[in-house]
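Heads up: the structure comes next, in structure tokens.
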Amino acid sequence: MIRMEALHKTFMSGRGRSARAVTAVDGLSVRAGDGAITGLLGPNGAGKTTSLRMLVGLVAPDSGRIEVDGLSIAEDPQGVRARLGVLSDARGLYPRLTARENVVYHGRLHGLTREAAEARCDTLARQLGMEALLDRRTEGFSQGERMKTALARALVHDPPNIVLDEPTNGLDVVATRALRDALRMLRDEAGKCIVFSTHIMQEVERLCDRVVVVSHGRHVAEGTVASLCEQAGCEDFEEAFVRLAFGTEGAKP
Amino acid sequence: MNRWKAAWTVFAKELVDALRDRRTLMVVLLSSVAMGPLVLVLLSSLVDQFEKRAEAREIVTVGLEHAPTLRNYLERQTYVIRAAPADFEARLKDNKLGDPVVVIPATFESELAHGEAPRIEVVFSSSNGRAQSGMGRVMRLLQGFQQERVTLRMIARGVAPSLLNVARVEDHDVADSAARAAQLTGMLPFFVLMAVVYGSLNAALDTTAGERERGSLEPLLATPAARRSLVVGKWGAVFCVGLLIATLSCVSFVPGQILLRSESLAALFRFGWGEAARYVGLLAPLAAALAAVMMAIAIRCRTFKEAQANTTVVVLAVSLLPVMTLFNQEGEAAWHLWVPALAQMTLMTRVLKGVPVSAADALPGVFVCAAITILALAWITRQLTRRAAQ
């Protein structure tokens, strides 16, 4: 269970006289339950990545509260990180290590023994269909192969909560489908709490149980895809999103 | 997770990662490890040339046919007389002639017989190293001739030649053979010093700016491992790689001695396993500080390339600090032992000279390097999260 309440974050942009405050997140609240995929949908620059970075503790919020399974990130950051599996937009791998070594390294940093991390790596490789990649160095991996390795790395410690920031960026259709299947499996078979940030409508429609629409750092609407269409008064989800995120200015005439 | 366990995990991973970067390691090994012995060999070949030139007992002259007395003297000194080429001045300028040329005037013998002082010219070029190095030998030889003539004249006039000497001047060299060799091999500590810099440079940049550039820092910080453990583990690996290269560089001088061409240099230059071990001991604190400082600079950079440009300041500082000793005519000063790189250079030179290095001499350098390391690691720990999210 992930709870983000009334998060605020302002950054200073520029230096000296040209310095100005930019509000990235402005009172955002998100609640994501176990056994469900919660989508964080918003246009570019809406504050999705900043919110997820605050959730992981990479950025400290100016105000607000973040809890993961009842643990506060401000009070117990290491406890929170141990309960999170994070696939951030930075999906860098170590090119001179094999996929297995990349995954096991993170497993060890999550406190697993080498044997446990190796065993978990084999299980994830089977689930994600990446057995053939395991003992290859990650240098020269395709986007899909990199994503699979990064996802295995994020899940190596079997976290109850999974956070994915724009996970389908740069993936082809086959890799996107594979990712969707993996996430459904994690939700249905393991009852994970999954938070998924994206700006792609189709992803949300096909995958998310609940959607939180974010615009200008604010929470503007929340519900299932159908209920959001109903709130916006239109059948097309893309049109509903534009109306909810940008008001009537962005909607088609 | 236990902090030390996490630090060990990071250390082991970074070490494997750095050692798998074969291409970079090969370049560093060639430039840092092979360079020292190579310079030693070149140096010995230069000394060998000088020695052969001195042993050859040759003198190059113009117009010696006008000076049978001088010829007689030179031959008695077992010198081989060679006639200078006609264009000897141009050859001296162009470094094509390696000996100074003694020019004798046609009136030499008659002037000498009449008690006048004939003018002997010794032509050389101060831009010609070989010719200049032979000047002392030629001047001493001619001085000997002059001394002999004066002594003979005084005896002929019934004057004791000892009257000319109001005091006996003798030189007494207090330098032992190791110290004399250190004059020639004094640049070797510099190569070892640079081996530490270049050995740790790539690993320092890769574990910080490289990690940011490839986007693996953010996932790393999403693990529950303490920031301090991550930094200590990374620093430990960079330090070990730097020290490994430095050790190889020091050890390479031991077999490198076999290749020495100059017999006298080979006899003077004594660099055994003991000296190599002392060098590594002196360099370890510097390797620790350099690893931390380069990581501290690189963590601020978004790309490996930017970090490379920024760390040139460190490379420049380490290469210039030891040069200060060249400009300082007052010799070693107490404060030298408090300046990293300069302290190590000073102490390594002492080891080369065979002067014992006490713990009190080494402690200031160790203390300053330890302080720099701790401060830099604390700075990196603070910066790590901030920079990952930028």
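Quick look at the values:
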| read-out | value |
| --- | --- |
| Test: B:Thr61 is within 14 Å of chain A (Cβ to nearest Cβ) and either out of contact with any Gly (no Cβ under 8 Å at 6 or more places or on another chain) or on the phi < 0 side of the Ramachandran plot (or both) | no |
| Restricting the range A:149-165 to residues that are part of a strand (DSSP E or B) and aliphatic (A, V, I, L, M), the residue that is nearest to the other protein chains (Cβ to nearest Cβ) | A:Val163 |
| Some residue of the range A:132-144 being open to solvent by less than 10 Å² (accessible area, probe 1.4 Å) and part of a helix (DSSP H, G or I) | no |
| Every pair of residues 6+ apart whose Cβ atoms lie under 9 Å, when the first sits in the range B:315-327 and is closer than 14 Å to B:Pro340 by Cβ and at pLDDT 85 or above while the second is hydroxyl-bearing (Ser, Thr, Tyr) and open to solvent by 20 Å² or more (accessible area, probe 1.4 Å) | B:Val315/B:Tyr198 |
| Subset of the range A:72-118 that is small (Gly, Ala, Ser) and part of a helix (DSSP H, G or I) - its residue that is nearest to the other protein chains (Cβ to nearest Cβ) | A:Ala82 |
| Candidates A:Glu166, A:Glu203 - the one that is crowded, with 18+ Cβ neighbours inside 10 Å and on the phi > 0 side of the Ramachandran plot | A:Glu166 |
| Selection from the range B:38-72 of residues that are open to solvent by less than 20 Å² (accessible area, probe 1.4 Å) and assigned by TED's automatic domain parsing to the domain that holds B:Ser110 | B:Ile59, B:Val60, B:Thr61, B:Gly63, B:Leu64, B:Ala67, B:Leu70 |
| Residue count, the range A:203-226 (criterion: among the polar types (S, T, N, Q) and within 14 Å of A:Thr38 (Cα to Cα)) | 1 |
| Check on A:Glu189, assigned to a helix (DSSP H, G or I) and surrounded by fewer than 19 Cβ atoms within 10 Å (Cβ to Cβ) | yes |
| Pair list, Cβ under 9 Å, 6 or more apart: the range A:1-23 residue open to solvent by 50 Å² or more (accessible area, probe 1.4 Å), other residue acidic (Asp, Glu) and part of a strand (DSSP E or B) | A:Met1/A:Glu67; A:Arg3/A:Glu67; A:Glu5/A:Glu67; A:His8/A:Asp26; A:Thr10/A:Asp26 |
| Tally of residues being in a helix (DSSP H, G or I) and closer than 30 Å to B:Ser200 by Cα across the range B:17-76 | 26 |
| Which listed residue, of B:Ala12, B:Ala90, is of a type in the set (Gly, Ala, Ser) and either outside the structural domain of B:Ser133 (by TED's automatic domain parsing) or at positive phi (or both) | B:Ala12 |
| Filter result for B:Val122 (β-branched (Val, Ile, Thr) and open to solvent by less than 50 Å² (accessible area, probe 1.4 Å)) | yes |
| Test set (1) in contact with a Pro (Cβ under 8 Å, 6 or more places away or on another chain); (2) farther than 21 Å from B:Glu148 by Cβ; (3) not charged (D, E, K, R) - B:Pro85 fails condition number | (1) |
| Whichever residue in the range A:152-182 is among the aliphatic types (A, V, I, L, M) and at pLDDT 90 or above and, among such residues, is farthest from the chain's Cα centre (by Cα) | A:Val156 |
| Out of B:Thr385, B:Thr346, B:Thr373, sole residue that is of a type in the set (Ser, Thr, Tyr) and within 14 Å of chain A (Cβ to nearest Cβ) | B:Thr385 |
| Yes/no for B:Trp8 being surrounded by 15 or more Cβ atoms within 10 Å (Cβ to Cβ) and within 14 Å of chain A (Cβ to nearest Cβ) | yes |
| Within the range B:90-168, helices (runs of 4 or more DSSP H) holding 3 or more residues that are of a type in the set (S, T, N, Q) | B:135-156 |
| Single match in A:Glu131, A:Glu67 (criterion: in contact with a helix residue (DSSP H, G or I) (Cβ under 6 Å, 6 or more places away or on another chain) and away from chain B (no Cβ under 14 Å)) | A:Glu131 |
| Unmet criterion (only one of (1) modelled with pLDDT under 90; (2) open to solvent by 30 Å² or more (accessible area, probe 1.4 Å); (3) under 24 Å from A:Met1 (Cβ atoms); (4) touching an Asp or Glu at 6+ places or on another chain (Cβ under 9 Å)) for A:Gln127 | (4) |
| Lone qualifier among B:Leu29, B:Leu25 - being more than 12 Å from chain A (Cβ to nearest Cβ), closer than 24 Å to B:Met187 by Cα and open to solvent by 20 Å² or more (accessible area, probe 1.4 Å) | B:Leu29 |
| Check on B:Ala209, more than 14 Å from chain A (Cβ to nearest Cβ), buried (at least 21 other Cβ atoms within 10 Å of the Cβ) and either within 30 Å of B:Ser31 (Cβ to Cβ) or at pLDDT 90 or above (or both) | no |
| Every pair of residues 6+ apart whose Cβ atoms lie under 6 Å, when the first sits in the range A:49-60 and is more than 7 Å from every other protein chain (Cβ to nearest Cβ) and part of a loop (DSSP other than H, G, I, E, B) while the second is open to solvent by 10 Å² or more (accessible area, probe 1.4 Å) and among the aliphatic types (A, V, I, L, M) | A:Gly57/A:Ile73 |
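The values are calculated or read from the model by the stated rules, or taken from the named source; none is laboratory data. Everything numeric here is computed off the predicted structure, so don't read it as measured data. We place every Cβ from the backbone using ideal geometry, glycine too, and count neighbours over all the protein chains shown. Side chains included, ligands, DNA and RNA excluded: accessible areas come from the protein's heavy atoms. Shrake-Rupley method; radii C 1.70, N 1.55, O 1.52, S 1.80 Å.
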